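A quick write-up on the structure given underneath.
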Amino acid sequence: MSEVSTVEKQTMNTYGWATRDSSRILSPFHFKRRHEIVGEVTKVGHNVTKFKIGDKAGVGLSIPNSLPLHGVAPLLCAGITVYSPMMYYGLCKPGQHLGVVGLGGLGHLAVKFAKVLGTKVTVISTSSSKQKEALERLGVDSFLVSHDQEQLLAAVDTMDGIIDTVSGPHPILPLIDFLKTNGKFIVVSVPIEAPEIPYIPLIMGRKLLGGSGAGGMKETQEMVDFAAKHNIIADVEVISMDYVNTAMERLANGAREERPARWRTERRRRGEAKYARSSGAGEVRSDAGDVSMGGEAAAPAPAILLK
Ligand SMILES: NC(=O)c1ccc[n+]([C@@H]2O[C@H](COP(=O)([O-])OP(=O)(O)OC[C@H]3O[C@@H](n4cnc5c(N)ncnc54)[C@H](OP(=O)(O)O)[C@@H]3O)[C@@H](O)[C@H]2O)c1
């Protein structure tokens, strides 16, 4: 059979759950290849040199054995999305002061990487309920509630860089004011409404406004290896797939939970629940050839919910 047929077959076998409309109800769906698939190698093609049966693997990436698959899957999107700009824009030096806006999936991983890199971290959040956990468990140096004017004023001109992970509408002028001269404001979120760009504060402070999207294979492997070295994984709750729609409700009602999931779904652009899906099933293809990973194509696999 032709190469195309093989690829088509693989695509058909990539199975997960997805929402297809604004109802947020998830149901089984055959995906085209996705980038947060992890699993254990069960078969290797004859051209494969990087993997052997029993290895843990992501899409074309080797996953160190010490990392649990459920905690590493979100690193392949959320993790690299915050790690890459820290490296590229030089926001990872010990002693620097980094602001992380939004303590969600991306935000909590930005905090974990930054703390290991020796950076002073301030979280800027709309949720005062996250303060205790941020300070006590994630070890952030300070926590600003974004509607507390006094706290905000005290933070003006204090940060070397900011990573903005907030997808909802929010003004960026107050955030840019937190930057010192030459500070860098990096957006990784995809806002549903593009904010106005405050030109004058950027010009006057010679500040940089930049962006970053995920990362390439080489840098993602570097990030995974770094995470393994420093024992960094995403905070997740593993749920059974038949619980997934209850999980979606919990996410939407998060604020009323005793320990709310960080994810909010009400403002998501496409209504997708990226982490509330199978982490085990699927087939991937790497430069080295085909690699099949464990997980029954049609069986409900565990889903992952970012805490
Ligand atoms: N650049 C890329 O390659 C890339 C990759 C993955 C994701 N993204 C984008 O990054 C953004 C964040 O993703 P995520 O997985 O971290 O999302 P998330 O878990 O929902 O976290 C976003 C956080 O933003 C804060 N927030 C404040 N106001 C909000 C509002 N009105 N609606 C939603 N959140 C609000 C919340 O933190 P507080 O409660 O602390 O305020 C929330 O936890 C999304 O836009 C996503 O599409 C980009």
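Using θ = phi - 60° and the Karplus curve 6.51 cos²θ - 1.76 cosθ + 1.60, what whole-Hz ³J(HN,Hα) does each residue of region 134-143 get, with Gly and Pro shown as x?
With coefficients 6.51, -1.76 and 1.60, one gets 4, 6, 8, 9, 7, x, 5, 7, 8, 9 Hz.
Most exposed first by the Cβ proxy, i.e. fewest other Cβ within 10 Å, how do 42, 122, 181 rank?
Ascending Cβ contact count within 10 Å gives the list 181, 42, 122.
What is region 78-211 by shape, rounded, prolate or oblate, if you read a ≥ b ≥ c off the alpha carbon gyration tensor as root eigenvalues and call it rounded for a/c under 1.5, prolate for a/b larger than b/c, and oblate otherwise?
Rounded is the answer for region 78-211, as its axis ratio a/c remains below 1.5.
Under 5 Å between amide H atoms, partner at least 5 residues away or on a different chain: which partners does residue 209 have, H built in plane at 1.01 Å?
Amide H to amide H, under 5 Å and 5 or more residues apart or across chains, residue 209 pairs with 185.
Which loop-located GluC sites (Glu not before Pro) does region 145-229 contain, where loop means any DSSP state but H, G, I, E or B and the Cβ has at most 12 other Cβ atoms within 10 Å?
Filter output for region 145-229: 193, 196.
Are any of the pairs 43/229; 56/132; 120/218; 52/218; 56/120; 93/207 more than 29 Å apart by Cα-Cα distance, and if so, which?
Beyond 29 Å between Cα atoms: 56/132; 56/120.
Pulled fully out, how much extra length does the chain show between residue 240 and residue 116, if you take 0.36 nm times their separation in residues and subtract their Cα-Cα distance?
41.4 nm
Given the peptides 56-65, 94-103, arrange them by the average over their residues of other C-beta atoms within 10 Å, most packed first.
94-103, 56-65
Would you mind counting up the charge near residue 140? Only other residues with Cβ under 12 Å from its Cβ, with Lys and Arg at +1 and Asp and Glu at -1.
Counting the neighbours of residue 140, the net charge comes to +3.
Between residue 48 and residue 93, with labels modelled 7 Å along Cα→Cβ, what's the label distance in nm to one decimal, could you check?
4.3
Starting at 0 and stepping by 10 Å, how many percent of the alpha carbon pairs of region 107-154 end up in each bin?
Once binned at 10 Å, the Cα pair distances of region 107-154 give 28, 55, 18.
Bear in mind that the values in this text are calculations on the coordinates, not laboratory data. Remember, it's a predicted structure, so these values are computed and weren't measured experimentally. Here Cβ is always computed from backbone atoms with ideal geometry, including for glycine, and neighbour counts include all displayed protein chains.
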